[in-house]
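Working notes for the structure below.
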Amino acid sequence: MMISIVCLFIGFMGGLMASSLITPFMNISQFLSSTILNPVGFFFGMLCFFFGFIANAKLIRDCMEKTYALVKGARIHLIEVLIPYLVIINFAIHFFLNPQVGFAFLCFSLIYGMISIKINRYLPYLDRQKGL
């Protein structure tokens, strides 16, 4: 549970830093000029974006895996299932701050989170042998 809270904090702070360091843009020339004129800010923004979306992807993966395990009857505390769902509030805040970065943050996190799902991770070993 503590790991989920830390991932929630890292994902929020990474997205917050990325939203503030990567300027919102209307066209590609504005984006390229801001990147060329401020490469250090863009680099740190992308670094924060990377760590943030990895942390949020773990929370998305945990949402799906723990909800599935709870439905299948595994012994998981309800708070352990509900904490990863706070990532939705995280994405809503990032959409309000910088819509382009927030949308990219959501897309990358969803894709990477769904790729890394191992659906039987929280089910006991004997239940997996039975073929649940």
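The values are calculated or read from the model by the stated rules, or taken from the named source; none is laboratory data. Here the structure is a predicted model, which means the values were calculated and not measured. Don't worry about glycine lacking a Cβ; one is built from the backbone with ideal geometry, like all the others, and counts go over all protein chains shown. We work out accessible area using only protein heavy atoms, side chains counted, and drop any ligands, DNA or RNA first. Shrake-Rupley method; radii C 1.70, N 1.55, O 1.52, S 1.80 Å.
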### Message
Show me the helices (runs of 4 or more DSSP H) found entirely inside segment 34-105 where at least 3 residues are among the hydrophobic types (A, V, I, L, M, F, W, C) and in contact with a Phe, Trp or Tyr (Cβ under 8 Å, 6 or more places away or on another chain).
### Response
39-71, 87-97
### Summary
Here the residues within segment 1-31 that are under 16 Å from I93 (Cα atoms), in a loop (DSSP other than H, G, I, E, B) and aliphatic (A, V, I, L, M) are I22
### Task
Give the number of residues within segment 1-22 that are open to solvent by 30 Å² or more (accessible area, probe 1.4 Å), farther than 12 Å from F105 by Cα and either touching a residue at least 60 places away in the same chain (Cβ under 8 Å) or basic (K, R) (or both).
4
### Message
Looking at F96, F51, F103, F43, can you tell me which residue is within 21 Å of S4 (Cα to Cα) and aromatic (F, W, Y)?
### Response
F51
### Members of segment 64-109 found to be closer than 16 Å to N120 by Cα, without any contact (Cβ under 8 Å) to a residue 60 or more places away in the chain and surrounded by fewer than 21 Cβ atoms within 10 Å (Cβ to Cβ), listed by number
M64, T67, Y68, L70, V71, G73, A74, R75, I76, V81
### Filter result for F25 (modelled with pLDDT of 90 or more and open to solvent by 40 Å² or more (accessible area, probe 1.4 Å))
no
### Summary
When segment 43-63 is checked residue by residue, the ones that are surrounded by 16 or more Cβ atoms within 10 Å (Cβ to Cβ) and more than 19 Å from L8 (Cβ to Cβ) are G45
